[in-house]
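The structure under discussion appears below in the form of structure tokens.
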Amino acid sequence: MQTDISTSLNLDATVGVVIQYAQKKDVIIDKDAAIFLSKQGDYKVVIDSAYKDKAPFLDLKKAEEILQKLGSSVEIVFEKKADMSNLEVVVENRAKRREAKEYTSKMKMMKDTDITNNTTGQGKVSDFVEFVRDRYNILSGLIKKHNNFSPVQSSGIKYSAKGVEVDVIGMVYEKRDTKTGNLMVIFDDNNGFFTAIFDKNKPIYAQARKLLNDDVVGIKGVKLDEKLIYASEIIFPDMPVATPKKADIDLDIVFTSDIHIGSNVFFEKEFSNFIDWLDKGEDSSKIKYCVIAGDGVDGIGVYPGQDEELAVKDIYKQYEIFSNYVEKIPEHIETFIIPGNHDAVRRADPQPAIPREYLKKLYGMKNVHVLGSPSMVEIEGLKMLMYHGNSMNELQAKLGIHFEDPIPAMEAYLLRRDVCTMYGGKNPVSPDKGGVLQIKEEPDIFVTGHLHSNGYGTYKKTMLINPGAWQAQTSFQKQQGHIPTPGRVPVMNMKTGKILEKVFINEVANM
């Protein structure tokens with residue numbers, strides 16, 4: 001992969017970091033491959049790909065193959081501060097570029113994607129019924145756009161002859177294993193119920209096992225009985241296959257999340273360095289937009305025993321400190337702030353914007369935009385979906401995804417076109433009208449937070465970004481064996497789609 005930087009590094013230390021990351025991903029890596037990847041800026045992308053492909057062993061040949069395969073998609077370059085790690089970066093032959101402050105921003109808030117000031121749910125039974133129906137209608141409408149798919153309602157299956165192929169859409173109601181080892185799934189389509197059989201000897205069986213309760217999907221199959229189908233294909237709402245869209249202008253977006261101001265393990269000095277870099281960094285002059293994807297503060301009473309882990313125990317003081325930092329971001333940088341599960345808003349998705357009473361100074365700033373989660377904005381012609389990721393832990397658990405890897409979960413959201421993947425689970429949901437939790441528009445960029453683990457990737461036409469955190473390993477994370485990746489800041493160029501990752505904290509500082 002071609003980059004515009006050269007690196008000099010302490011190989012032993014960096015090889016150890018590569019091996020440690022591979023172990024964290026349950027990927028067995030040999031020394032030659034680790035040495036090779038230690039010289040690459042994108043070793044995590046290669047190891048993540050090996051993990052995703054379930055490669056049992058990553059040797060030098062396999063690492064080179066993966067790197068070559070990824071060469072035309074996401075490019076990630078790592079830069080470490082010389083006083084904080086063994087990696088020194090020298091920028092070479094980088095032409096002087098026009099600064100972002102010379103450009104007028106082009107952006108549009110897509111208000112129908114934000115629940116702020118539009119909350120309608122009151123907790124009535126009728127609210128929940130309407131919520132489920134809205135969700136079904138939106139997602140089934142997306143499925144109907146697929147080629148070669150002409151669905152009938154469940155009540156219409158009886159009019160087809162046995163042995164004839166039928167198409168139908170339904171929401172997963174129940175899954176059962178049959179005595180013969182096949183999978184039987186009962187679907188509801190708001191018109192009645194039908195059942196689909198997934199043959200254990202067919203490739204579709206593995207895909208069907210990962211269907212979640214409340215998933216809305218299309219089913220192609222052969223009619224066996226009045227309400228019974230032998231399934232041959234599952235059609236999710238999904239994203240269309242398309243070339244990733246790029247902006248015409250050579251400007252950058254910087255992403256961060258999970259700052260957790262107020263925590264006694266908040267990296268205060270390093271976060272201050274990040275804010276200063278936004279204003280004075282030699283390589284930050286192209287940054288025009290900034291995303292803070294939730295959990296700006298650690299909050300109060302979020303989990304049992306949190307009081308013992310707080311350095312600032314007043315929620316207003318936490319937000320005052322947060323506001324002081326945001327105020328220092330240069331005024332030519334448009335800054336978007338969404339809430340997370342630690343912020344002073346309702347815990348249920350969709351979350352409205354953080355109230356004015358906590359962010360009085362920021363609400364008066366023209367370049368600061370306080371939005372809900374999820375919400376979508378259009379910047380320089382690119383649609384960007386922002387969601388903190390409150391439902392991500394439960395989704396990962398249900399799908400068997402490693403809890404430190406955000407990308408497969410983000411892919412699952414886009415496959416289902418929904419960040420409310422299950423109703424009635426651990427993640428609370430408010431029954432608001434309008435389908436805010438469904439991904440009706442096709443995002444060019446999708447950013448989440450919550451997991452405290454960096455991750456980057458592409459899915460169909462969408463760039464996926466999770467920017468990690470600014471909080472060291474908490475006692476809860478230690479119990480779970482979770483090693484966060486704090487202080488890693490992705491910067492995406494909107495014209496090329498390339499990501500530069502600025503590292504403000506030594507990767508192993510919090511272990």
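Values quoted throughout were computed directly from the atomic coordinates according to the rules given, and no laboratory measurement underlies them. Computed from a predicted model, the values in this text were never measured in an experiment.
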Just report the Cα centroid separation between region 304-372 and region 226-287, whole Å. 18 Å
Starting from the Cα gyration tensor of region 92-201, multiply each eigenvalue by 5, take the square root, and state the resulting semi-axes largest first in whole Å. 44, 24, 16
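Under 25 °C and 0.890 mPa s, how fast does region 376-495 diffuse according to Stokes-Einstein, given a Kirkwood radius computed over C-alpha pairs? Answer in µm²/s, whole number. Could the numbers behind the result be given before it?
Numbers: Rh = 15.1 Å.
After rounding, the answer is 162 µm²/s.
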Given a cut-off of 15 Å, what percent of all Cα-Cα pairs of region 337-435 lie beyond it? 66 percent
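Per the helix-only calculation at 222 nm, which mean residue ellipticity applies to the chain, given -39500 (n - 2.57) for every DSSP H run of n ≥ 4 and division by its residues, nearest 500 deg cm²/dmol?
Working: 12 runs with 123 residues, N = 511.
Calculated at 222 nm, the ellipticity per residue is -7000 deg cm²/dmol.
Dividing the Cα convex hull volume of region 201-347 by residue count, how many Å³ per residue is that?
Values: hull volume 32.0 nm³, N = 147.
About 218 Å³ per residue, rounded to a whole number.
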log10 I(q)/I(0) for region 144-235, Debye formula on C-alpha points only (no solvent), q = 0.11 Å⁻¹, two decimals, reads -0.26
Return, for the Cα atoms of region 411-472, the radius of gyration and Dmax in Å, separated by a comma. 13.2, 38
So the pair-distance distribution of region 248-503, from every Cα-Cα distance in 5 Å bins, comes to percents of 1, 6, 14, 19, 21, 18, 13, 6, 1, 0
20 Å Cα-Cα reach of K317 towards lysines, excluding residues that sit fewer than 8 places from it in its own chain: K269, K328, K360, K361
Quick numbers on region 266-411, Rg and Dmax over C-alpha atoms in Å, give 16.2, 46
The rounded separation in angstrom of the Cα centers of region 142-186 and region 111-135 is 28 Å
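How much length is gained on full extension from K433 to K52, taking 0.36 nm per residue of separation minus their Cα-Cα distance? Before the final figure, lay out the partial values.
Working: separation 381, 0.36 × 381 = 137.16 nm, distance 3.63 nm.
Working it through step by step, the gained length comes to 133.5 nm.
Could you quote the convex hull projected area for the chain, Cα atoms only and averaged over all directions, in nm²? Working shown, then result.
Values: hull surface 99.0 nm².
About 24.8 nm², averaged over all directions.
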Considering only the chain, percent of DSSP beta bridges that pair antiparallel, nearest 5: 65 percent
